[in-house]
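> The structure is given below, and queries will be raised subsequently.
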Amino acid sequence: MKKRAALHNLGCKVNAYEIDAMQQLLEEAGYEIVPFAPGADVYVINTCSVTNIADRKSRQMLHKAKKMNPAAIVVAAGCYVQTDKENLEKDEAVDIILGNNQKKNLVQALLEYERTRQKKEQVLEIGREREYEKLAISRTAEHVRAYIKVQDGCNQFCTYCIIPYARGRVRSRDREEVLCEVRRLSQAGYQEVVLTGIHLSSYGSDFPKDTGESLLGLIQAVHEIPGIRRIRLGSLEPRIVTEEFARALATLPKICPHFHLSLQSGCDETLARMNRRYTSEEYRQACSLLRRYFTNPALTTDVIVGFPGETEEEFEISREFVESICFYETHIFKYSRRRGTRAAAMDGQIPEEIKAQRSDVMLALHNRQSHSYEKQWIGKSTELLIEEELATDRGHWLVGHTPEYIKAAVRSTGAEAVNDILPIRLTGFLKEQLMEASKIS
């Protein structure tokens, strides 16, 4: 009888990629993959540690797994393992501890635990690691869009962020391994790929200089693979968007004009305390370059409100900057004090009620700007990658995203299917955050 394994992921798209890879390792070893519910023989939780709340959720899921089957083997993997190994070693709910760069050893660790029944720990001193962990997928949990991890680690050390301590230094994936994976996914029917990493912009910076490897070179190589019709990029740092970079991307028709440039604050004083390594003017120039070379691209970003020392004046400068850029989406985060980071020890910690007020202001601005950007597309033609079906009182619809990542729905005629790419014209709104479209014959 096959052993049953259940997996649960917490955190980012890189973690999601890694949980897919671990699931495939288990399947290849003969495990049956079952829902994360009572009855599994093995529970694998890929943990997150980006905030103190993420740490707590990771602990809760590990304990939930052991409660669902006290006889099961519970595996803690990932970032929380790196940042709180000592407590996990004492935690009786956890049987196997796998840090980052050790997830490829999952099956081996399970076999050894079954042989010895002794707690198994594989946690490297991640800051010393220079080797990219070789994980691969031939399919993904998403049916039409494949996220591909091409890079790990970060050298930036923003003052609020624990990730360099959890993920280590920049490590890039071999270009040919990436291309082989994209070819496999293309042959499996995927038409859209998303290149992602912990600090995507640094791809290739750890390779020898004479290789000439860069993120742009990788994108250009992926663009040549038959069957791939869309290439989407994960979060970028504004300084990577030079004239050369923007011009080169604009010559690649498969590139989705949807760019996520991490901002965090529009105030230079706050950016300096965050150690973000760019100014608001450099950020503005990056956005201008993308708009020069792409027609009405969707620009999205992240903003932290209530960072230590953020005065009302600094917040207003940040708000005005965000308003001036006219983003499609702004992901707003209230600063969360993360132990182990420099910002946690800074003076001028902001009360939670002020963070909440500032978040509400930014959220209202996001809602206005997002709706305004979508309205600009009414009457315009684009393409829709069909992802799911939707039944409403107005009929049967097919829902997906445009290259700009606008969510839209087109009436089904019965001839279309999930994973089709349809030419459409956006005509209005079916409901909030879902545009209505008509199919172009």
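> Could you work out what % of the accessible surface of the chain is carbon and sulfur, using a 1.4 angstrom probe and leaving DNA, RNA and ligands out of the count?
On the way: 9500 of 19170 Å².
Taking all protein chains in place, the chain shows 50 percent carbon and sulfur surface.
> For the stretch 202-241 and the stretch 363-412, what is the separation of their Cα centres, given in Å?
28 Å
> Using the beta-carbon distance between residue 342 and residue 279 and R0 = 25 Å, what value does 1/(1 + (r/R0)^6) give for FRET efficiency, to the nearest 0.05?
On the way: r = 20 Å, r/R0 = 0.80.
Calculated value: 0.80.
> Mind checking which of 318, 202, 372 has the largest fluctuation in a GNM of the chain, springs on alpha carbons under 10 Å?
372
> Now, a different point. Roll a 1.4 Å probe over the protein chains and send me the accessible area per residue for the stretch 1-88 in Å².
On the way: 3590 Å² over 88 residues.
Counting only protein heavy atoms, the per-residue value for the stretch 1-88 is 41 Å².
> How much area per residue is accessible in the stretch 311-435 when the probe is 1.4 Å and only protein heavy atoms are counted (Å²)?
On the way: 6390 Å² over 125 residues.
Accessible area per residue: 51 Å².
> Given 96, 78, 34, which one lies farthest toward the positive end of the charge dipole of the stretch 32-145, if we put +1 on the Cβ of every Lys and Arg and -1 on the Cβ of every Asp and Glu?
34
> Starting from the Cα-Cα distance between residue 32 and residue 422, subtract it from 0.36 nm times their residue separation and give me the gain in nm to one decimal.
Numbers: separation 390, 0.36 × 390 = 140.40 nm, distance 3.62 nm.
That works out to 136.8 nm of additional length.
> Scan the chain and note any complete DSSP helix (H) whose C-alpha atoms cover at least 27 Å along its axis and whose Kyte-Doolittle average is 0.5 or more.
none
> With every protein chain kept in place and ligands, DNA and RNA left out, what is the accessible area per residue of the stretch 164-211? Probe 1.4 Å, answer in Å².
On the way: 1890 Å² over 48 residues.
I get 39 Å² per residue for this part.
> Further, regarding this structure: Check the stretch 10-94 and count each lysine pair with an alpha-carbon distance under 19 angstrom, considering only pairs eight or more places apart or from different chains.
For the stretch 10-94, the number of qualifying lysine pairs is 10.
> Using DSSP to define loop residues, name the GluC sites (Glu not before Pro) in the stretch 100-146 whose beta-carbon has at most 11 other beta-carbon atoms within 10 Å.
On the way: sites: 112, 114, 121, 125, 129, 131, 133, 142; in loops: 125, 129, 131, 133, 142.
Those that pass, being in a loop and sparsely packed, are 125, 131.
> For the stretch 1-44 and the stretch 144-160, what is the centre-to-centre distance using only Cα atoms, to the nearest Å?
Taking the Cα centre of each part, the stretch 1-44 and the stretch 144-160 sit 22 Å apart.
> Of all DSSP beta bridges in the chain, what percent run antiparallel (nearest 5)?
Numbers: 25 of 69 bridges.
So the antiparallel bridges in the chain amount to around 35 percent.
The values are calculated or read from the model by the stated rules, or taken from the named source; none is laboratory data. Please read all numbers here as calculations on a predicted model, not as lab measurements. Neighbour counts are summed over all protein chains in view; Cβ atoms, including those assigned to glycine, are modelled from backbone coordinates with ideal geometry. Keep in mind that these areas ignore ligands, DNA and RNA; they rest on the heavy atoms of the full protein, side chains included. Shrake-Rupley method; radii C 1.70, N 1.55, O 1.52, S 1.80 Å.
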